[in-house]
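Trainee: Mind having a look at this structure? Questions to follow.
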Amino acid sequence: MTIDLHVHTSEHSGCAVSSEAEQIEAAIACGLDAIAITDHDVLCDLTHIAALNGRYAPFKIFPGIEIRARNYFEDFIVLGIQDAELGKRSWHYEDLHAFVREKNGYILLCHPYRFHDKVPDAIFTHIPDAVEIHSTNIGGCDYDKIEALARHLNISTVTNSDAHQSEHVGIYYNILQGAANTEAELVTLLKTGAHTGGRDDKRIDIFNRRMGKTERLVKKFIRKGKDAQYFTQSTNMWHGYYDRVAMGKSYLLS
Ligand SMILES: [Zn+2]
Ligand SMILES: [Zn+2]
């Protein structure tokens, strides 16, 4: 089964451009078997997910959530838990990790090293199930560090789109050894770690051409001594592009 585990929708993520229907239709169009909807700090409505599954079958839509750990400024995807607490609490990572373990869920560290050179020490004492190594929010300059982290923690890597717009859905995805019908089955399959990464090189090239332009623009702003706020105000673009370039990092994929 092919699945993109990291997809946002404009209905529930303020930063997303494409709607739920657009994201699902894009995933079907690029040949994926399934996606997980992982909006920021909001749990999916299960009745709604069931209706979507009825409408788009045999394509599968799994409910998930992306949670910002407030004590570390790191993001985690949680799958396989339907407890309202998840979307309500302001989580510290250690508490979230304990909660996920207690409920037999799955916790994935998303885009580490995005705005830091280190991951928090708590990652080594409270080990997640997996770490994301590819997405539209992970530049090629961080791959080696992420791979080393996964090896050190002895956990698997996953590859997703982190799509906020439909052009990116399925740009990276996972190929699972088997098919999952329920969330519990998905979590069991993912926990085996027996999956490989899939990618769409043509769209990666298109992404890089656009991102290259954006980063050249950021460099121009930096050369002129303009700050991130000035950049976002005058271009209407996300400050994260500026921040990464200012740190000497890049969003270019490889
Ligand atoms: Zn977002
Ligand atoms: Zn995300």
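None of the figures in this text is laboratory data; all of them are computed from the coordinates on show. Note that the structure is predicted; figures quoted are calculated from it, not measured. Ideal geometry is used to build each Cβ from the backbone, glycine not excepted, and the neighbour counts take in all protein chains shown.
Trainee: So what is the relative contact order for the stretch 1-96, in percent, with contacts set as C-alpha pairs under 8 Å and at least six apart?
Mentor: Working: 164 pairs, mean separation 22.9, N = 96.
Result for the stretch 1-96 is 24 percent.
Trainee: Find the all-direction average of the projected area of the Cα convex hull for the stretch 186-251, expressing the result in square nanometres with one decimal place.
Mentor: On the way: hull surface 26.4 nm².
Over every viewing direction, the Cα hull of the stretch 186-251 projects on average to 6.6 nm².
Trainee: Under a plain spin-label model, where a point goes 7 Å from the Cα along Cα-to-Cβ, how far apart in nm are N154 and E11?
Mentor: Result for the modelled spin labels: 4.2 nm.
Trainee: Using the 10 angstrom Cβ neighbour count as an exposure proxy, how do Y172, Y93, Y230, Y72 rank, fewest first? Display every interim value, and only then the final one.
Mentor: On the way: Y172 27, Y93 22, Y230 13, Y72 17.
With the fewest neighbours first, Y172, Y93, Y230, Y72 line up as Y230, Y72, Y93, Y172.
Trainee: By count of other Cβ within 10 Å, fewest leading, how are L46, L189 ordered?
Mentor: Numbers: L46 11, L189 20.
Ascending number of Cβ neighbours within 10 Å: L46, L189.
Trainee: Now, a different point. Of all beta bridges DSSP finds with both residues in the chain, what is the antiparallel percent, to the nearest 5?
Mentor: Looking only at bridges with both residues in the chain, the antiparallel portion is about 55 percent.
Trainee: If we count other beta carbons within 10 Å of each Cβ, what is the order of K60, K145, fewest first? Walk me through the intermediate numbers first.
Mentor: Values: K60 22, K145 15.
Starting with the residue having the fewest Cβ neighbours, the order is K145, K60.
Trainee: Take the alpha carbon atoms of the stretch 208-245, find their center, do the same for the stretch 119-162, and report the distance between the two centers in whole angstrom.
Mentor: With the stretch 208-245 and the stretch 119-162 each reduced to a Cα centre, they are spaced 26 Å.
Trainee: So what is the relative contact order for the chain, in percent, with contacts set as C-alpha pairs under 8 Å and at least six apart?
Mentor: Working: 476 pairs, mean separation 47.2, N = 254.
That works out to 19 percent.
Trainee: Counting each DSSP H run of 4 or more residues in the chain as -39500 (n - 2.57), what helix-only mean residue ellipticity at 222 nm follows after dividing by all residues, to the nearest 500 deg cm²/dmol? Don't skip to the end; give the middle numbers.
Mentor: Values: 10 runs with 99 residues, N = 254.
Roughly -11500 deg cm²/dmol at 222 nm, from the helical runs in the chain.
Trainee: Moving on to the next point. Taking Cα pairs under 8 Å and at least six residues apart, what relative contact order does the stretch 92-185 come out at, in percent?
Mentor: Numbers: 107 pairs, mean separation 20.7, N = 94.
It rounds to 22 percent for the stretch 92-185.
Trainee: Can you give me the angle between helix 143-153 and the longest principal axis of the chain, using Cα atoms only, in degrees from 0 to 90, rounded to the nearest 10?
Mentor: Relative to the chain, helix 143-153 is tipped by roughly 40 degrees.
Trainee: Compute the normalised compactness of the stretch 1-125: alpha-carbon radius of gyration over 2.2 N^0.38 Å, N being the residue count.
Mentor: Working: Rg = 14.9 Å, N = 125, 2.2 N^0.38 = 13.8 Å.
So the stretch 1-125 has a normalised radius of gyration of 1.08.
Trainee: Tell me whether the stretch 50-114 comes out rounded, prolate or oblate; compute the Cα gyration tensor, take square roots of the eigenvalues as a ≥ b ≥ c, and use a/c under 1.5 as the rounded threshold.
Mentor: Prolate, because a/c is 1.5 or more and a/b exceeds b/c.
Trainee: Can you bin the stretch 69-189 into rounded, prolate or oblate? Criterion: square roots of the alpha carbon gyration tensor eigenvalues sorted a ≥ b ≥ c, rounded for a/c under 1.5, prolate for a/b above b/c, oblate for the rest.
Mentor: On the way: a/c = 1.40, a/b = 1.05, b/c = 1.33.
Rounded shape, in that the Cα axes give a/c under 1.5.
Trainee: Let me ask something else about it. Cα convex hull of the stretch 123-240: mean projected area in nm², to one decimal?
Mentor: Details: hull surface 38.7 nm².
Mean projected area of the Cα convex hull: 9.7 nm².
Trainee: Further, regarding this structure: If the limit is 22 Å between Cα atoms, which of K145/K202; K145/K249; K226/K249; K118/K202; K145/K213; K219/K249 go over it?
Mentor: Numbers: K145/K202 25 Å; K145/K249 13 Å; K226/K249 18 Å; K118/K202 31 Å; K145/K213 25 Å; K219/K249 12 Å.
Where the Cα-Cα span goes over 22 Å, the pairs concerned are K145/K202; K118/K202; K145/K213.
Trainee: Hey, what angle do you get for helix 93-102 against the long axis of the chain, alpha-carbon based, 0 to 90 degrees rounded to 10?
Mentor: Roughly 20 degrees, rounded to the nearest 10.
Trainee: Find the percent of Cα-Cα distances in the stretch 1-59 that exceed 18 Å, and round it to a whole number. Please report the intermediate quantities before stating the final value.
Mentor: Numbers: 479 of 1711 pairs.
The proportion of pairs with Cα distances above 18 Å equals 28 percent.
Trainee: For the chain, what log10 I(q)/I(0) values come out of the Debye formula at q = 0.08 1/Å, with one point per alpha carbon and no solvent?
Mentor: Those come out to -0.30, one per q.
Trainee: Between N181 and Q82, what length in nm is gained on full extension when 0.36 nm per residue of separation is reduced by their alpha carbon distance? Walk me through the intermediate numbers first.
Mentor: Numbers: separation 99, 0.36 × 99 = 35.64 nm, distance 1.60 nm.
Full-extension gain reported as 34.0 nm.
Trainee: What's the angle, to the nearest 10 degrees (0 to 90), between helix 201-223's Cα axis and the longest principal axis of the chain?
Mentor: 40
Trainee: Say we join alpha carbon atoms closer than 10 Å with springs in a Gaussian network model of the chain; which of G14, G225, G178 then has the biggest fluctuation?
Mentor: Highest fluctuation among the options: G225.
Trainee: Compute the length gained on full extension between A51 and T192: take 0.36 nm times their separation in residues and subtract their Cα-Cα distance, giving the result in nm to one decimal. Each step should come with its number before you reach the end.
Mentor: Values: separation 141, 0.36 × 141 = 50.76 nm, distance 2.90 nm.
So the chain would gain 47.9 nm between A51 and T192.
Trainee: Given R₀ = 45 Å, what would the calculated FRET efficiency be for R223 paired with R89, taking r from the Cβ atoms and rounding to 0.05? All intermediate terms of the calculation are to be shown ahead of the outcome.
Mentor: On the way: r = 43 Å, r/R0 = 0.96.
Result of the calculation: an efficiency of 0.55.
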